[in-house]
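J.: Starting off with a structure, shown below.
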Protein chains: 2
Amino acid sequence: MPQPRFKFQLQHTDGGARAGELETPHGKALTPLFMPVATQATVKGLTPEEVKAVGAKIILSNAYHLYLRPGVETVSKMGGLHEFMGWDGPVLTDSGGFQAFSMGPLRKVTDDGIRFRSHIDGSEHHFTPQLATANQEGLGADIAMCFDQCIAYGASEKQVRQAMERTHRWAQACFDAHQESPNGAATGQALFGIVQGGVFSELRDESARVISAMPFHGYAVGGLAVGEDKEQMYRFTGQVAGRLPQDKPRYLMGVGSPEDLVQGVARGIDMFDCALPTRVARNGSLFTPEGRIDITKSRYAEQQGPLDETCDCYTCRNYSAAYLRHLFRAKELLGLRLASIHNLRFVLALMERIRKSIVEDRFDAFRTGFLEVYQPTDEMARQQQKAQWLLTRGG
Amino acid sequence: MPQPRFKFQLQHTDGGARAGELETPHGKALTPLFMPVATQATVKGLTPEEVKAVGAKIILSNAYHLYLRPGVETVSKMGGLHEFMGWDGPVLTDSGGFQAFSMGPLRKVTDDGIRFRSHIDGSEHHFTPQLATANQEGLGADIAMCFDQCIAYGASEKQVRQAMERTHRWAQACFDAHQESPNGAATGQALFGIVQGGVFSELRDESARVISAMPFHGYAVGGLAVGEDKEQMYRFTGQVAGRLPQDKPRYLMGVGSPEDLVQGVARGIDMFDCALPTRVARNGSLFTPEGRIDITKSRYAEQQGPLDETCDCYTCRNYSAAYLRHLFRAKELLGLRLASIHNLRFVLALMERIRKSIVEDRFDAFRTGFLEVYQPTDEMARQQQKAQWLLTRGG
């Protein structure tokens, strides 16, 4: 049997928005799509069956975390990440570049790679493009990411340029390693390049040009959603996406909230991942068509209906808002699960509706309608949450 | 349609061991049986479907906890406990007597009832036999328990006698309240009496005689597993069970571990409940036919098979011991779930095997065989765990 290969087919466009299909060694997925985050080989609190049931086709896992614990070799011995965690669909792995970035003073970047101390036991490690690529091969990812240097919002243009140029050299090194390894490109594993360049328009153009000149299977927009405001994030997303090849998938890393997904698709993005839906769920913050609500509020104390009447998820089909509130107030584990299921389903159902509207050439009306009703979380609260999260490296 | 009533049918005996069937307003259950604990209207971490899947027929919930949060009135408005938590099988509720006991210095016992401060907000409350009965009616329990005064191991005979006599008066008060209320006996709700008497043989006899003279639907052995050693616990269980009516179910409260279940059945017990299987599961302590194991140990790091080859639970059918270990070491929520599922299934499958051996008149051989292989947890470690748990009022 021939080894299944990675493919992307662009099926339809509607303005800047795109509908397509990905094919990976572990199955197909329609785009645009959202990937739930399974940092440590588990979408927090959920079984693979539950992740499937909310409509997820691809999940994201973190090579950095799995390298530290339980170790790439252990996962590999256990048959790879799919077998280890019981997920038979496609998996994309992050290279560890972003995690190394978010470690702050615990890391040191050189042209070779990134030297850092483990957040678990303080042990010292050194990630290189070659090691990051080998890690993702050992895990058996369907889609591997290039090792990149992400840089903090607020860095000078000179610093951003230096990190970008390093990212370009590392991209070539990752590409070469992936081509040469018997466990890389040869197995049907895809490798995506990552565009950096911070919030500098010329650097973003340059990075898009350099990275898209290398024949990756797909291209990611990195280094956004790290502290800049939303207008900037949308602007650079659109600028970079417009300079990437039409026939390859485009992935906006670490995004996002429901409004960001809609805005990202409008700017030509095909793939998204973000821990936000499950992270805020565990704090009792739940998505509704009108925006996020706090389920612990007393107004839900005796609400017999589900928290979101329009939702078809397991939680909304089976439990009242009052019960969900009780679980959160009583600090019960089941609350975290039910909330995570709801928020993921909300986001994945949104992606399904987005795709349908693209295929039916009415994405713009859908987008306008959605954004008119959905109230994004207050920008200042959002920035504070993000800063807090970056500090604690939450998964 | 006539209101379904509570019934118990003793079907078979094999030595002291009994096999029977309970019938409640929410369905039937074969005995001997084990009830998972759903303290705050949820078996910690699990959905009702998962609780069903491990083989549970009846669950136990705590009127004390639900009275404090979210409140009996709220649960009642939401349609009762079954509707509120999405469990359509039978529910037994504890009256709150044991919780009041375990609060130590926060409570004061008088002939009227128990005055205590909430462990949540320090607010003052007063439980009486009448209120405890009304609470359980408001929750809609299938089986309610009498309000009793449990007393610490080590109390003097005089103190134990006083608590026992109070328990007898309260049993009568609960019985009367339950008979008179339109929401009690009239609805088909059963009420069980509780035998106290500490570790004093004559008091146990007296309490069994007094309580079984009242026409309850079933009889419980209370005040054991509170610090006495296992030999004492088994001895008093056998003594009390031998003095209870043959034709009514007998319930040993707060027990137990796998070996206790086998020993309890041998002494004529039909019903058990205990938080232990789920509580120790959340610490990574998992039941196997040979005894409890600690899943975080390095010996499981690369074990490809399930933690228990003989187990048919969701966890053992789908995940390796290595993955389970990883989840615990990475402090992932899914680990708590998978471990809880396994331990509950272990205990419920044990009850199924016990019942089968009774029906086939080979319980004694089963018991001997089980106890030869199963290594109970070291007695000193067990006492320490129990003392710790009583201190923190863990659910």
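J.: If I filter region A:192-209 for residues that are in a helix (DSSP H, G or I), touching an Asp or Glu at 6+ places or on another chain (Cβ under 6 Å) and not aliphatic (A, V, I, L, M), do I get at least one hit?
T.: No, region A:192-209 contains no residue that is in a helix (DSSP H, G or I), touching an Asp or Glu at 6+ places or on another chain (Cβ under 6 Å) and not aliphatic (A, V, I, L, M).
J.: Take residue A:364 and tell me if it is in contact with a Cys (Cβ under 7 Å, 6 or more places away or on another chain), away from chain B (no Cβ under 13 Å) and closer than 24 Å to residue A:35 by Cα.
T.: So residue A:364 fails the test.
J.: Further question on the same structure: So which residues in region A:287-313 are closer than 22 Å to residue B:75 by Cβ and touching a residue at least 40 places away in the same chain (Cβ under 8 Å)?
T.: Within region A:287-313, just A:295 meets the criteria.
J.: Under 8 Å between Cβ atoms, at least 6 apart or on separate chains: pull out the pairs that start in region A:164-178 with a residue that is more than 15 Å from residue A:215 (Cβ to Cβ) and end on any residue that is charged (D, E, K, R).
T.: Sorted first by the residue in region A:164-178, then by its partner, the pairs are A:164/A:206; A:166/A:111; A:167/A:148; A:169/A:111; A:170/A:148.
J.: Can I ask one more? Kindly list the number of the only condition in (1) within 18 Å of residue A:20 (Cβ to Cβ); (2) out of contact with any His (no Cβ under 8 Å at 6 or more places or on another chain) that fails for residue A:228.
T.: Single failed check for residue A:228: (1).
J.: Kindly evaluate residue A:84 against the criterion of being in a helix (DSSP H, G or I), at pLDDT below 95 and farther than 24 Å from residue A:356 by Cα.
T.: In short, no.
J.: With respect to residue A:61, is the statement that it is within 13 Å of another protein chain (Cβ to nearest Cβ) and either modelled with pLDDT under 95 or part of a strand (DSSP E or B) (or both) true?
T.: Answer is yes for this residue.
J.: Name the single residue, out of those in region A:87-106 being assigned to a helix (DSSP H, G or I) and aliphatic (A, V, I, L, M), that is farthest from residue B:306 (Cα to Cα).
T.: Ranking the qualifying residues of region A:87-106, first place goes to A:106.
J.: What about residue A:25, is it under 23 Å from residue A:184 (Cα atoms) and touching a strand residue (DSSP E or B) at 6+ places or on another chain (Cβ under 6 Å)?
T.: No.
J.: Got a number for residues in region A:171-188 being of a type outside the set (A, V, I, L, M, F, W, C) and closer than 29 Å to residue A:239 by Cβ?
T.: Adding up the residues that qualify gives 3.
J.: Give the number of residues within region B:360-395 that are surrounded by 15 or more Cβ atoms within 10 Å (Cβ to Cβ) and at pLDDT 95 or above.
T.: Qualifying residue count, region B:360-395: 7.
J.: Residue by residue through region A:110-123, note down the ones that are of a type in the set (Ser, Thr, Tyr), under 23 Å from residue A:40 (Cβ atoms) and exposed (fewer than 15 other Cβ atoms within 10 Å of the Cβ).
T.: Across region A:110-123, the qualifying residue is only A:123.
J.: Working only within region B:213-240, note down all residues that are surrounded by 21 or more Cβ atoms within 10 Å (Cβ to Cβ), in a loop (DSSP other than H, G, I, E, B) and not hydrophobic (A, V, I, L, M, F, W, C).
T.: Correct list: B:217, B:222, B:223.
J.: Failed condition for residue A:178, given (1) closer than 30 Å to residue A:83 by Cβ; (2) assigned to a loop (DSSP other than H, G, I, E, B), with all others met?
T.: (2) is the only condition that residue A:178 fails.
J.: Limited to region B:347-359, what total is found for residues that are touching a residue at least 40 places away in the same chain (Cβ under 8 Å) and out of contact with any Leu (no Cβ under 8 Å at 6 or more places or on another chain)?
T.: So the count comes out to 6.
J.: Which one of these does residue A:357 not meet: (1) hydroxyl-bearing (Ser, Thr, Tyr); (2) within 14 Å of another protein chain (Cβ to nearest Cβ); (3) over 25 Å from residue A:60 (Cα atoms)?
T.: Among (1) hydroxyl-bearing (Ser, Thr, Tyr); (2) within 14 Å of another protein chain (Cβ to nearest Cβ); (3) over 25 Å from residue A:60 (Cα atoms), the lone unmet condition for residue A:357 is (2).
J.: On the given criteria, is residue B:123 hydroxyl-bearing (Ser, Thr, Tyr) and either within 14 Å of another protein chain (Cβ to nearest Cβ) or under 21 Å from the mean Cα position of the chain (by Cα) (or both)?
T.: So residue B:123 fails the test.
J.: Checking residue B:80 against (1) surrounded by 18 or more Cβ atoms within 10 Å (Cβ to Cβ); (2) closer than 20 Å to residue B:188 by Cα; (3) within 13 Å of chain A (Cβ to nearest Cβ); (4) in contact (Cβ under 8 Å) with a residue 60 or more places away in the chain: exactly one of these is not met. Which one?
T.: Residue B:80 satisfies every listed condition except (1).
J.: Ok, one more. If you go through region A:87-109 one residue at a time, do you hit one that is within 14 Å of chain B (Cβ to nearest Cβ), buried (at least 21 other Cβ atoms within 10 Å of the Cβ), more than 14 Å from the chain's Cα centre (by Cα) and not β-branched (Val, Ile, Thr)?
T.: yes
J.: For region B:23-58, which residues satisfy the criterion of being more than 22 Å from residue B:258 (Cα to Cα), outside any loop (DSSP other than H, G, I, E, B) and more than 14 Å from chain A (Cβ to nearest Cβ)?
T.: B:23, B:24, B:27, B:28
J.: If I filter region A:322-340 down to residues being touching a residue at least 24 places away in the same chain (Cβ under 8 Å) and within 10 Å of chain B (Cβ to nearest Cβ), which single residue comes out as nearest to residue A:279 (Cα to Cα)?
T.: Filtering first and then ranking leaves A:340.
J.: What residue, of B:13, B:74, B:31, is free of Cβ contacts under 8 Å to residues at least 40 places away in the same chain and of a type in the set (S, T, N, Q)?
T.: Checking each option against the conditions leaves just B:74.
J.: Filter region B:68-77 for residues that are within 11 Å of chain A (Cβ to nearest Cβ) and among the aliphatic types (A, V, I, L, M); which is farthest from residue A:321 (Cα to Cα)?
T.: B:68
J.: If you take the residues in region A:265-301 that are among the aliphatic types (A, V, I, L, M) and in contact with a Pro (Cβ under 8 Å, 6 or more places away or on another chain), which one is farthest from residue A:243 (Cα to Cα)?
T.: Going through the qualifying residues, I end up with A:301.
The values are calculated or read from the model by the stated rules, or taken from the named source; none is laboratory data. Small disclaimer: the values here were computed from a predicted structure and weren't measured. When we count neighbours, we look across all protein chains shown, and the Cβ atoms used for this are built from the backbone with ideal geometry, even at glycine.
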